[in-house]
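Engineer: Okay, handing you the structure first.
The values are calculated or read from the model by the stated rules, or taken from the named source; none is laboratory data. This is a predicted model, so every value here is computed, not measured. Note: ideal-geometry Cβ built from the backbone for every residue, glycine included; neighbour counts use all protein chains shown. The area values use the complete protein model at the heavy-atom level, side chains included, leaving out ligands, DNA and RNA. Shrake-Rupley method; radii C 1.70, N 1.55, O 1.52, S 1.80 Å.
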Amino acid sequence: MHSRENPPVARILYQSFTDPALHQPYLSRLAGYLDDISSPGITFEVRGISPADTQLGRLSELRCGVQSVAGIIEAEREGFDAVLVGHFQDACLFEARTAVDIPVIGHGEASMHQACMLGGRVGIVSIDPVYLPWHDEQIRRYGLESRVVDVRYMRITPDQAVAAYDDPAAYRAIRAMFVDAAESMVRDNRVDVVMSAGGLFALLSVGDLDLHVEGALIANPTYLAVKQAEMALSIAKLNGTPVSRGGTYSRASQQAVNELLALAGKES
């Protein structure tokens, strides 16, 4: 816990794609976890999206992504120093970086790159097969085809994952699905680092000291993304800019920002 005698030197918004009302058990636990793992002087504030991203698929990802970008623009105006998009699919991540002058870190991008520093062959376990094509596209976009070599899945909804926080039997069932997928990746593709594609299972299992897979390290993607967010603050301060403005992340015009806010029902 951060002492009140030591005021924060940086504030980071954790932009979740879960609903603040419906998924409160997850968001409350997440806030506590972020407080536990963040570096001294850095605080995280968790915010969600309503409706949440529960209708798994591209259209819901787009809708939530637009709402996320609007929230990130507002966060910069409120004085946040960085934003961690706490959604592994990184919906509208690149677009968000063009809209603000603070670092915007993607849960999926950051954790996958960090996982590649922990082993030679990485595998990820998604919550549902609907996301397999999306993860394949992420891996190609980030240039990780030779390192993130396998993607498997469980069959759970976000609501089921959230309910498992207070249901040990439900957690054991989800844990078994994760372990089965992880073991198959180790066996079939010699994966030596495994992590969940997102924070739902990562937070569910954070206190499970018996969770292991023979032959592979289980990495926590939320922890990896948090540390990348903290590093991004230092890099932005050193460079004077959160990202290069020369190409991919060319700064959006103010009119484009205002139009995005209007689309999301926010005031410019």
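Engineer: Taking Cα atoms, how many degrees apart are the long axis of helix 132-141 and the longest axis of the chain, rounded to 10 and kept between 0 and 90?
Structural biologist: On a 0 to 90 degree scale, this one is about 60.
Engineer: Can you compute 3J(HN,Hα) from phi for each residue in the stretch 72-79, using the Karplus curve 6.51 cos²θ - 1.76 cosθ + 1.60 with θ = phi - 60°, rounded to whole Hz and x for Gly and Pro?
Structural biologist: My calculation for the stretch 72-79 gives 5, 4, 5, 4, 4, 5, 7, x Hz in order.
Engineer: Using the basic label-point model (7 angstrom from Cα toward the beta carbon), what is the Leu118 to Ala21 distance in nanometres?
Structural biologist: 3.6
Engineer: Using only alpha-carbon positions, what ratio does the radius of gyration of the stretch 140-268 give when scaled by 2.2 N^0.38 Å?
Structural biologist: Working: Rg = 19.5 Å, N = 129, 2.2 N^0.38 = 13.9 Å.
Compared with the compact-globule rule of thumb, the stretch 140-268 sits at 1.40.
Engineer: Continuing with this model, one more query. Roll a 1.4 Å probe over the protein chains and send me the accessible area per residue for the chain in Å². Walk me through the numbers before you get to the answer.
Structural biologist: Working: 12460 Å² over 268 residues.
Averaged over the residues of the chain, the accessible area is 46 Å².
Engineer: Expressed as a whole percentage, what fraction of the accessible surface of the chain belongs to carbon and sulfur atoms when a 1.4 Å probe is rolled over the protein heavy atoms?
Structural biologist: Ligands and nucleic acids excluded, carbon and sulfur give 52 percent.
Engineer: So in the chain, what percent of DSSP beta bridges are antiparallel if you round to the nearest 5?
Structural biologist: Values: 1 of 26 bridges.
Antiparallel: roughly 5 percent of the beta bridges in the chain.
Engineer: So for the stretch 1-130, considering every pair of alpha-carbon atoms, how many percent are separated by more than 18 Å? Before the final figure, lay out each step's value.
Structural biologist: On the way: 4842 of 8385 pairs.
The share of Cα pairs beyond 18 Å in the stretch 1-130 comes to 58 percent.
Engineer: Could you pull out the GluC sites (Glu not before Pro) across the stretch 220-268 that fall in loop regions by DSSP (anything but H, G, I, E, B) with no more than 13 other Cβ atoms inside 10 Å?
Structural biologist: Values: sites: Glu230, Glu259, Glu267; in loops: Glu267.
Passing sites in the stretch 220-268 are Glu267.
Engineer: Would you work out the charge dipole size for the chain about its Cα centre, treating the Cβ of every Lys and Arg as +1 and the Cβ of every Asp and Glu as -1, and quote it to the nearest 20 debye? Walk me through the intermediate numbers first.
Structural biologist: Values: 23 positive and 33 negative charges, 104 e Å.
The calculation lands at about 500 debye.
Engineer: Rounded to the nearest 20 debye, what is the charge dipole size of the stretch 113-268 about its Cα centre when +1 sits on each Lys and Arg Cβ and -1 on each Asp and Glu Cβ? Kindly include the intermediate steps, with their values, before the conclusion.
Structural biologist: On the way: 15 positive and 18 negative charges, 134 e Å.
Dipole of the stretch 113-268, to the nearest 20 debye: 640 debye.
Engineer: Using the beta-carbon distance between Leu209 and Ala256 and R0 = 45 Å, what value does 1/(1 + (r/R0)^6) give for FRET efficiency, to the nearest 0.05? Spell out each step's value before the answer.
Structural biologist: Working: r = 48 Å, r/R0 = 1.07.
In this case the efficiency is close to 0.40.
Engineer: Show that you can apply the helix-only estimate: for the chain, add -39,500 (n - 2.57) for every DSSP H stretch of four or more residues, divide by all residues, and state [θ] at 222 nm to the nearest 500. Please list the in-between numbers first.
Structural biologist: Numbers: 10 runs with 123 residues, N = 268.
It lands at -14500 deg cm²/dmol.
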